[in-house]
Amino acid sequence: MLASAVLCTGCQSASAAAHYPKSIDACKLPGPNAHNQLAPGTVEIPADSVKTADAKVVPQDRSTEGNDLTSCKRLYARDLGGGKPNMQDYRLVTIAVVRFTDSDAADGAAKASQLLTDALGDHSGVRLATDVGDEAGFSEQWAAVRTGNVVLSMAIADGGTEAALIPPATLDNVQAVVTDMANTLQRDYKG
């Protein structure tokens, strides 16, 4: 199902001057409710316990000189009851953070904004949102937020024989999780 796009007015929020000078641990950004919001009816399992296809979250060519890319994979298996995972049905949540390392905050923010624009162009049916970082776009299976010189993105992919039995994450839940991650980023990493 495609979400309708909403005109993004006032996307440049008060955090436009935000600058993140140090490396960001993508695995520390999700809040305690992320599991229930993104993968209800599942049990978290080690990310390497099932061979999954890599989810492409940001363009591969973005991890170069001039930026720092960190990522985190969370793997959830369908709960058969009592916390017993069905290793054949899973949901992979991949979080990627691209931090542009320019010492000039305006240059870093401009490069991050261009990356977000490119990422939005790769996803149809994206709902643009205000009051989440400087710019943000969401769909049921994908999300990206820019704040200052950082782009935070997330992709959700299901796999396995009966993965459709895992309840889908709603657009509102995806937005809530990414908003929470953006708030953690601003609170813990802002220079």
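Before moving on, here are some points about what is shown:
- Test for Glu135: is it under 27 Å from Thr42 (Cβ atoms), charged (D, E, K, R), touching a strand residue (DSSP E or B) at 6+ places or on another chain (Cβ under 9 Å) and crowded, with 18+ Cβ neighbours inside 10 Å: no
- Residue match in region 109-121 (condition: open to solvent by 60 Å² or more (accessible area, probe 1.4 Å), within 19 Å of Thr70 (Cβ to Cβ) and in contact (Cβ under 8 Å) with a residue 40 or more places away in the chain): yes
Conditions tested, residue by residue: (1) in contact with a strand residue (DSSP E or B) (Cβ under 8 Å, 6 or more places away or on another chain); (2) modelled with pLDDT of 90 or more.
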{"site": "Ala129", "(1), (2)": "yes, no"}
{"site": "Asn149", "(1), (2)": "yes, yes"}
{"site": "Asn173", "(1), (2)": "no, yes"}
{"site": "Thr184", "(1), (2)": "no, yes"}
{"site": "Asp188", "(1), (2)": "no, yes"}
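- For the residues Ala77, Ala96, the requirement of being modelled with pLDDT of 90 or more, part of a strand (DSSP E or B) and more than 16 Å from the chain's Cα centre (by Cα) singles out Ala77.
- All told, Ala77 meets the bar of being buried (at least 23 other Cβ atoms within 10 Å of the Cβ) and either touching a Phe, Trp or Tyr at 6+ places or on another chain (Cβ under 9 Å) or hydrophobic (A, V, I, L, M, F, W, C) (or both).
- Subset of region 166-187 that is open to solvent by less than 50 Å² (accessible area, probe 1.4 Å) and β-branched (Val, Ile, Thr) - its residue that is nearest to Tyr90 (Cα to Cα): Ile166
- Listed by first and then second residue, the pairs linking a residue in region 18-35 that is touching a residue at least 60 places away in the same chain (Cβ under 8 Å) and farther than 19 Å from Ala47 by Cα to a residue that is in a loop (DSSP other than H, G, I, E, B) and open to solvent by 30 Å² or more (accessible area, probe 1.4 Å), with Cβ atoms under 7 Å apart and 6 or more places separating them unless they lie on different chains, are Ala18/Lys190; His19/Gly191; Tyr20/Lys190; Tyr20/Gly191; Pro21/Gly191.
The values are calculated or read from the model by the stated rules, or taken from the named source; none is laboratory data. Keep in mind it's a predicted model, so treat the numbers as computed, not measured. Glycine gets a Cβ as well: all are built from the backbone with ideal geometry, and neighbour counts include every protein chain shown. Remember, those area values only see protein heavy atoms, side chains included, never the ligands or the DNA or RNA. Shrake-Rupley method; radii C 1.70, N 1.55, O 1.52, S 1.80 Å.
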